[in-house]
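Asks: Structure incoming, see below.
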Amino acid sequence: MTMTGLSAAEQLKLLKKGIVDLVSEKELLAKLEKSVKTGKPLRVKAGFDPSAPDLHLGHTVLINKMRQFQLLGHEVIFLIGDITGMVGDPSGKNETRKVLTREDVVENGKTYARQIFKLLDKKTTVVEYNSRWFEKFDVFEIFKLCGQYTVARMLERDDFSKRFKGNSPISIHEFLYPLLQGYDSVALKADVELGGNDQRFNLLVGRDMLKSYGLEPQVVMTVPLLEGLDGVNKMSKSLNNYIGIEESAKEIFGKTMRLSDEMMMKYYELLTDITPDELSALKAEMASGKRNPRDVKIDLAFQFVERFHSKADAEKAKAEFFEVFSNKGMPSDIPEFKTTPQKDLWICKLLHDAGLTATTSEAKRLVEGGGVEWDSKKIQDSKLKVNLKAGENFTLKAGKKKFAKVVVK
């Protein structure tokens, strides 16, 4: 799928979908018009510090915007911050981040480079590492870089300001981070830089940095941070409210179906290729009753599975979801939980140990709500103690879609 051949105004309308900041729209339109006239694509940069090994849908909001630029015929640069990753981005942090080791960022960077091609076209994506220029920096170049900004300007940044007023430590290397990120734009001669809306300060530093080095300032475009499955907190593995792009087709489909209708529409806006007009029409159809929200959600889940796995996997996950949802059967690949013989084991601990709930408190609420079954028999006593005997096998069901086959050895 490509969208080449669109006018600058048409490109601008598409690229503005789902963004928070655009500095500035006039400059971006001028750059797009020049690109259309000359046939020279824009250089669009987005940086990712490899602070964790796996990407989830929260990361792909930004990657999806890169993909839009790519489909329009522009050059996207996926910058892996193997140097800035060791410094640690202080954006949105109320304390100094733990400094990663060189080994951490190298290994995580390898997994990033692999995972992004589930979304981006490998043939037309430039993968860069900022160690390519920073490892050549000497102390004089660091002095020159530090001379571009004052401490007062740095303290205009909200998170630094709050920490300074609250007497929370700010390490000197944290002041370096925006400068290093800004220099990345100089090294790459970026026309546009993309980032999360918590990155606005850093991206604007990049505009100033390009001007300081005698180059045309980049356009800054930010996208919102994506809430997770709970609809409240930023998507995060630590909060267990995420959809990982390398999770199984079944997990991606099932987790997507847990979204609220409101969050579903935000995911459509930020994570799919739907146009603004199509999105408005879809909302109108749902409001009028012409489209069932559940069917719209199924379409979204199907898109995610097809994108990260295959159409065949999406068809299978959809069929299995219907089978489980309608209570006509159980999934074919129930995860197995192996345990040892035990006496007087609390049912809520068993549910937690089997991976069916995040906490025993959650298990207790689920049992009391009638959401737990043992071999298709409902359990509603949250104080129940059970005896597990060697050689015993049974199936636990928690909620509508979580299963575990318990094997006692």
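Asks: Taking segment 207-246 as the region of interest, how many residues are out of contact with any Pro (no Cβ under 8 Å at 6 or more places or on another chain) and either touching a residue at least 60 places away in the same chain (Cβ under 8 Å) or of a type in the set (Gly, Ala, Ser) (or both)?
Replies: Looking only at that region, the number is 26.
Asks: Before we move on, is THR4 at negative phi and either in a helix (DSSP H, G or I) or buried (at least 18 other Cβ atoms within 10 Å of the Cβ) (or both)?
Replies: Working: at negative phi: yes; either in a helix (DSSP H, G or I) or buried (at least 18 other Cβ atoms within 10 Å of the Cβ) (or both): no.
The answer is no for THR4.
Asks: Here is a follow-up. Go through SER260, SER288 for me and flag whichever is within 30 Å of GLU10 (Cβ to Cβ) and not hydrophobic (A, V, I, L, M, F, W, C).
Replies: So the residue among SER260, SER288 that is within 30 Å of GLU10 (Cβ to Cβ) and not hydrophobic (A, V, I, L, M, F, W, C) is SER288.
Asks: Might you let me know whether segment 243-266 holds any residue that is touching a strand residue (DSSP E or B) at 6+ places or on another chain (Cβ under 7 Å) and assigned to a loop (DSSP other than H, G, I, E, B)?
Replies: Within segment 243-266, one or more residues are touching a strand residue (DSSP E or B) at 6+ places or on another chain (Cβ under 7 Å) and assigned to a loop (DSSP other than H, G, I, E, B).
Asks: Out of (1) outside any helix (DSSP H, G or I); (2) under 20 Å from HIS59 (Cβ atoms); (3) assigned by TED's automatic domain parsing to the domain that holds ARG67, what's the single condition that is false for GLN181?
Replies: (1)
Asks: Further, regarding this structure: Would you pick out the residues in segment 377-409 that are over 37 Å from the mean Cα position of the chain (by Cα), part of a strand (DSSP E or B) and touching a residue at least 12 places away in the same chain (Cβ under 8 Å)?
Replies: Listed by number, the residues that qualify are LYS385, VAL386, ASN387, LEU388, ASN393, VAL408.
Asks: Something else: Of all residues being surrounded by fewer than 18 Cβ atoms within 10 Å (Cβ to Cβ), of a type in the set (Asp, Glu) and at pLDDT 85 or above in segment 228-260, which is farthest from TYR112 (Cα to Cα)? Just the residue, please.
Replies: Among those that are surrounded by fewer than 18 Cβ atoms within 10 Å (Cβ to Cβ), of a type in the set (Asp, Glu) and at pLDDT 85 or above, it is GLU251.
The values are calculated or read from the model by the stated rules, or taken from the named source; none is laboratory data. Being a predicted model, the structure only gives us computed values, none of them experimental. We place every Cβ from the backbone using ideal geometry, glycine too, and count neighbours over all the protein chains shown.
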